[in-house]
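Note sheet for the following structure.
The values are calculated or read from the model by the stated rules, or taken from the named source; none is laboratory data. Being a predicted model, the structure only gives us computed values, none of them experimental. Don't worry about glycine lacking a Cβ; one is built from the backbone with ideal geometry, like all the others, and counts go over all protein chains shown. All accessible areas refer to the heavy atoms of the entire protein, side chains included, with ligands and DNA or RNA removed. Shrake-Rupley method; radii C 1.70, N 1.55, O 1.52, S 1.80 Å.
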Amino acid sequence: TFSHNAGIYEEGILLSLTAKDGYRIYYTTDGSDPTVVTNKNRKLYATGIMLSDTSAMGWGPLTRSWSSPSVSTQVGAHVIKAYATNGTESTDVFTNTYFITDDLTKYGVSIMSISMPKNEVIGSNGFYNNFLLTGSITGGRRRGVGIMEVFDPKGDRVGNSRVEMAVSGNGSSGWGMKSLRIYFKGINNQDSGLESDLNYDIFGGTAKDQWGQAITSFSRIMIRNSGNDCATSYIRDAFMQSTAAGLNVDTMATASTLVFINGEFWGVYNVRERYSPEYAESHYGVNKDNVTVIESDYSQVHTNTNADFVVSSGIEGDQDPFNEMVQYMRDHNLADQEHYDYIASQMDIDSFIDMWVVRLFYVARDWPENNIKIWRNKNPDDPSGFDTKWHFPLLDLDMGLSFYDFTTERENFFWAFDSSSVCGTMMRALMKNEGFKQQFILRYYDVVNNHMTPEYLNAMFDEMYADRDPLMALQAGRWPESGERGKFTVSKWQNECTRIRNFINNRQPYALSHFYQHFGISEDDLEHLSQKRVTVSFHSGRTDVTVNGETVENGTVIRLEQGETKTLNIVATAKEGYVVTSITFTDKEGNAHTVEGNRLVLKTGQPGTVSISSQRVATNP
């Protein structure tokens, strides 16, 4: 028993440890295991442990052996690991972290304390410095096992779990401050008062499932160094993905956190979701055992851009349906609607389009050859009823948003359509179909013209800037290593923010101009095209829809010629477990006509949107 809960204290405390009569208590303060008899750093508990101020601690052995901060002291923590034994029987090891400072709560962000023996972090088999199992980026990652405590911005401990950790990232894994994948140990994680998962809304409600509910339990997360943007702005990918949340593409929620390892400050990180089977389960209700994730083969993306995709999560062979689909696109002319319809039945067209739109807008390079992950539910009988199409998330946009001088707001990234990569090949094949081409044109125009506005982007950036700016002095002191534009300093952070603001204030007209030029159209053409259409919107996981007897996809656009009036017989059929509640037609003036039930006969010459509402069938408790 610890006399004080783990957390933040303004003044020093005398920590008392107690156990049953006849037991001796041993403890460590360096993250090492107190049960190891030969551990020279373990101590026999006697009458109390004085925990003094940690607001300006000198650097410990982990930092001194790995990096060279620009300051001699920085905020730290006391990590106490303790167990009791009577020589025959022993308790589990319990871990508490104590911050003795009044400085941390002012930052308003979560705190993570990781503890494990130094040689398991940095050593001959350390997961942090020897992270490649076979010396190859494709050979898997070494994992370390430790305890991770999570504290909310007030300093209350909200997570305490045994975790496995592995270095994340490819090119960016060369930084001293590395990204880390965190794997919670589930049912094997419940001794010593530990929790199986992180049951805390660490993203403040921004990680949402398909029903708009906040996700509050995580078995996989990542603490990210911002990839190639490490030691530059640290927030580019986090910002870009945050602005794309709500579009038809998966994004990873983000939040700032302060990370400590064995009580030593390790830096300001971005907590992120991670694309995995668990992501699909929490966001879409798909059983994680039915989900596979594949990705572009990093070992070949710079030499063979048409290399087959490989398995990221799943079993060997899960990638075959995707690679076969790509070959079908090479072998068949998708101008033939039958061929296009087949491809549309295999991949989520909406997410593919929005992935392209976002990356084109932000000039997010190192793509389309690289940085592509794709996932799908491979079981058509999954209880969620979710489709079995390939879905395209946003991944590692770090090189966009003026990261380079050739990714500024003035740059034209439409040359990506000529890429010889798998993704470029797919786009060119799809563009042969006039319906897809029109859908892409309308979607790009809509997102860039109405979503990626300077007003919206500035509001989003102001929020992230306010969150991060107070933390940058800590980061500059801990990690002064050189990034894309030299040594990291607070001044450099401010300069990067100016570059980002210049981009978001000036990008929109260039993004539209390059778009008009590429497709040989004018703004007047787009205004006309975007107004003369009826869009059918529904949840494809809950409903099947026909228009005039033909099955349609979510987002289907029906063109209206000048002066034409069309009759649309719309029938919505609910999938098992759901019921269609109503169908609404909203015209361009905002006038809405709603019918209850699953059928609407619409006679209109006005453009607008048909929205089909559905809900789960109520069940008895």
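Here are the numbers for this structure:
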quantity: Odd one out for Y107, checked against (1) under 18 Å from R272 (Cβ atoms); (2) out of contact with any Lys or Arg (no Cβ under 8 Å at 6 or more places or on another chain); calculated: (1)
quantity: Filter pass, T584 being assigned to a strand (DSSP E or B) and either within 30 Å of G174 (Cβ to Cβ) or open to solvent by 30 Å² or more (accessible area, probe 1.4 Å) (or both); calculated: no
quantity: Filter pass, G246 being touching a helix residue (DSSP H, G or I) at 6+ places or on another chain (Cβ under 9 Å), at pLDDT below 95 and not hydrophobic (A, V, I, L, M, F, W, C); calculated: yes
quantity: Near pairs, Cβ below 6 angstrom, 6+ apart or cross-chain, from the stretch 397-418 (open to solvent by 10 Å² or more (accessible area, probe 1.4 Å)) to any residue that is assigned to a loop (DSSP other than H, G, I, E, B); calculated: M399/R365; M399/D366; T408/S402; E411/V363
quantity: Candidates V145, V150, filtered to the one that is modelled with pLDDT of 95 or more and not in a helix (DSSP H, G or I); calculated: V150
quantity: Residue under evaluation L14, criteria (1) open to solvent by 30 Å² or more (accessible area, probe 1.4 Å); (2) part of a loop (DSSP other than H, G, I, E, B); (3) not acidic (D, E), criterion not met; calculated: (2)
quantity: Residue list for the stretch 367-384, filter: more than 17 Å from M427 (Cα to Cα), buried (at least 17 other Cβ atoms within 10 Å of the Cβ) and not basic (K, R); calculated: W375, N377, D382, S384
quantity: From F260, F265, residue being assigned to a strand (DSSP E or B) and over 23 Å from K185 (Cα atoms); calculated: F265
quantity: Condition met for T38 (open to solvent by less than 70 Å² (accessible area, probe 1.4 Å), over 27 Å from G176 (Cβ atoms), of a type in the set (S, T, N, Q) and more than 35 Å from the chain's Cα centre (by Cα)); calculated: no
quantity: Residue in the stretch 186-202 that is touching a Lys or Arg at 6+ places or on another chain (Cβ under 6 Å), within 27 Å of T29 (Cα to Cα) and in contact (Cβ under 8 Å) with a residue 24 or more places away in the chain present; calculated: yes
quantity: Leading residue by the ranking (surrounded by the fewest Cβ atoms within 10 Å (Cβ to Cβ)) among those in the stretch 214-256 that are touching an Asp or Glu at 6+ places or on another chain (Cβ under 7 Å), more than 21 Å from S482 (Cα to Cα) and β-branched (V, I, T); calculated: T216
quantity: Test: residue in the stretch 492-503 that is among the basic types (K, R), surrounded by 16 or more Cβ atoms within 10 Å (Cβ to Cβ), within 21 Å of Y404 (Cα to Cα) and in contact with a Ser or Thr (Cβ under 7 Å, 6 or more places away or on another chain); calculated: yes
quantity: Subset of the stretch 306-315 that is open to solvent by less than 40 Å² (accessible area, probe 1.4 Å) and in a loop (DSSP other than H, G, I, E, B) - its residue that is farthest from E278 (Cα to Cα); calculated: A307
quantity: Elements of type helices (runs of 4 or more DSSP H) in the stretch 459-550, at least 3 residues being modelled with pLDDT of 95 or more, touching a strand residue (DSSP E or B) at 6+ places or on another chain (Cβ under 7 Å) and not basic (K, R); calculated: 472-478
quantity: Filtered residue count, the stretch 24-38, keeping only those that are out of contact with any Gly (no Cβ under 9 Å at 6 or more places or on another chain) and farther than 16 Å from V79 by Cα; calculated: 3
quantity: Breaking point among (1) over 30 Å from P69 (Cβ atoms); (2) within 27 Å of the chain's Cα centre (by Cα); (3) in a helix (DSSP H, G or I); (4) not aliphatic (A, V, I, L, M), for E411; calculated: (3)
quantity: Inter-residue pairs, beta-carbon under 6 Å, first closer than 22 Å to T105 by Cα and in contact (Cβ under 8 Å) with a residue 40 or more places away in the chain and in the stretch 471-484, second in a helix (DSSP H, G or I) and of a type in the set (V, I, T), 6+ apart; calculated: M472/V490; A476/V490
quantity: The stretch 225-238 residues that are at negative phi and among the hydrophobic types (A, V, I, L, M, F, W, C), paired with ones that are assigned to a helix (DSSP H, G or I) and open to solvent by less than 10 Å² (accessible area, probe 1.4 Å) (beta carbon under 7 Å, 6 or more apart); calculated: I235/R468
quantity: Whichever residue in the stretch 521-544 is among the polar types (S, T, N, Q), touching a Phe, Trp or Tyr at 6+ places or on another chain (Cβ under 8 Å) and crowded, with 16+ Cβ neighbours inside 10 Å and, among such residues, is nearest to T609 (Cα to Cα); calculated: S530
quantity: Qualifying residue in the stretch 82-94 (condition: over 30 Å from the mean Cα position of the chain (by Cα) and over 21 Å from S192 (Cα atoms)); calculated: no
quantity: Test: residue in the stretch 587-607 that is charged (D, E, K, R), in a strand (DSSP E or B), more than 24 Å from I349 (Cα to Cα) and modelled with pLDDT under 85; calculated: yes
